[in-house]
Structure formats: C-alpha cells, structure tokens
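Only one structure is covered here, and it is reproduced in the block below.
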Amino acid sequence: MICKHCGLEYPDDLDACPGCGASNNDVEAQVLSEEERDSFSGVTIETGPEESSRDDYRVYDQEDLRRKKQQQARKTRWRRIWDLVKLNGRAVLVLALIIFCVIFLLPTLLGFALIGLGVFLVLTIYRKYFAGW
C-alpha cells in the first residue's frame, strides 16, 4: 500500500503508515457551517458559486485567508493614497518640486556660494596684505 499522505510504500496489513502515522482508512469530508469554517484551523475546500458545480473548487487554509486579508488591506491603503494624489494633483506636484529642489538643487547652490565666499576671502586677503609689496 502507498500512503496517501507521505507517499511511503508499506505492507497492506498495517492500519497506519509507519512513516507519518496517517490512517489508511478513507476519511469522509465533512460539510462545515460558515461559523465552523471561519474558526477551523485545518484545510478546507470552497466550492464555486453553485453547489452543483463540483469542477470549480479551491483548497485553502487560515494562512491563505490571512494573506488574502493582508493583500486586500494593502490594496485599500494604496487606493486611498492614489485617491488623495488624484484629488490634490497640483499640490502633490508642487510638493514634489519643492522636495526635489531642497534635496538636489539647494546643496549645489550652497556649494557654489561657499566657493564664491572662499574666492572673495582669498581676494580680500590678497589685496589687504600682498597688494602693498
């Protein structure tokens, strides 16, 4: 017999798999109510929109539900940010321009100002002390 859980081959006369301990008896699927399903920590199967359509199903567990909720929360958060950007497009553009100027242009302008100040001081010192020789 081959274990349906771990794939180990073992003799037919054993009641459980020696590798993983899974029973070799077929287990019937239980239909859970909505409250039981939401509090169930194991693997569940969700059928499609119609109960008669057995071709359309998805297996999921609580980890899948948690990931789906987190993904939905991220989408909602980014949607809110995007809505604010759309509503205040000009303000966001002006703010981005100001940030760009402060981060990139202001240090450059300060550098030029310091260079100019240095040249001014050198010329002043030269005139004052060395011009009379």
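Here the stretch 68-130 is treated as a Stokes sphere of Kirkwood radius computed over C-alpha pairs; at 20 °C and 1.002 mPa s its diffusion coefficient rounds to 135 µm²/s. Only lysines eight or more places from Lys75 in sequence, or on another chain, were considered; those with a Cα closer than 28 Å are Lys86.
Values in this text are rule-based calculations from the coordinates and carry no lab data. The structure displayed is predicted, hence computed values, not measured ones.
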